[in-house]
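Each remark here refers to the structure printed beneath this line.
The values are calculated or read from the model by the stated rules, or taken from the named source; none is laboratory data. Keep in mind it's a predicted model, so treat the numbers as computed, not measured. As a convention, Cβ positions derive from the backbone with ideal geometry for all residues, glycine included, and neighbour counts pool all protein chains shown.
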Amino acid sequence: MGLKVKSERPNVAAVTLLSMEPAIVILDGGAQNRDCDVLLDDLRQQRDASAGLFPAVILLSTANHGTQDMPIAPVVDMVVAKPLTVDRLQPAIESLRARNGDFARPVA
């Protein structure tokens, strides 16, 4: 899809997130959707600084329900059910691309 991919463990991801300012973040929520809780405040701050658009966030989840009752709900744009397949993830990425206009952040 022409994306630059950077994969990090949750304990290092916060530093990487701040240094890279990605247009899209894909989080693996783990078994309880709590493995990425440490990143949520950083993601909220980045989104607040970009009128709520960047980074767009996809949560990979074992749960079949949405995130409306979870603390991550305001940050997550889409939930993709696991097991992960290209035919589930690619449409989610394309939908965010259509919403945000390609994957580029606006130049200030």
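Total residues in segment 1-60 satisfying the condition of being of a type in the set (Asp, Glu), assigned to a loop (DSSP other than H, G, I, E, B) and under 24 Å from Glu94 (Cα atoms): the figure is 2. Could you please let me know if Ala14 is over 17 Å from Lys4 (Cβ atoms), modelled with pLDDT of 80 or more and either in contact with a helix residue (DSSP H, G or I) (Cβ under 9 Å, 6 or more places away or on another chain) or among the aliphatic types (A, V, I, L, M) (or both)? So Ala14 fits the description; yes. For segment 18-43, the tally of residues that are at pLDDT below 85 and in contact with a Pro (Cβ under 8 Å, 6 or more places away or on another chain) stands at 9. No other residue among Asp48, Asp69 is within 15 Å of the chain's Cα centre (by Cα) and either among the charged types (D, E, K, R) or at pLDDT 80 or above (or both) apart from Asp48.
Restricting the first member to segment 2-28 and to residues that are at negative phi, and the second to residues that are outside any loop (DSSP other than H, G, I, E, B) and surrounded by fewer than 17 Cβ atoms within 10 Å (Cβ to Cβ), the beta-carbon pairs closer than 8 Å and six or more apart or on different chains are Lys6/Thr16; Lys6/Met20; Glu8/Thr16; Pro10/Val38; Asn11/Val38; Ala13/Val38; Ala14/Val38; Ile26/Leu89.
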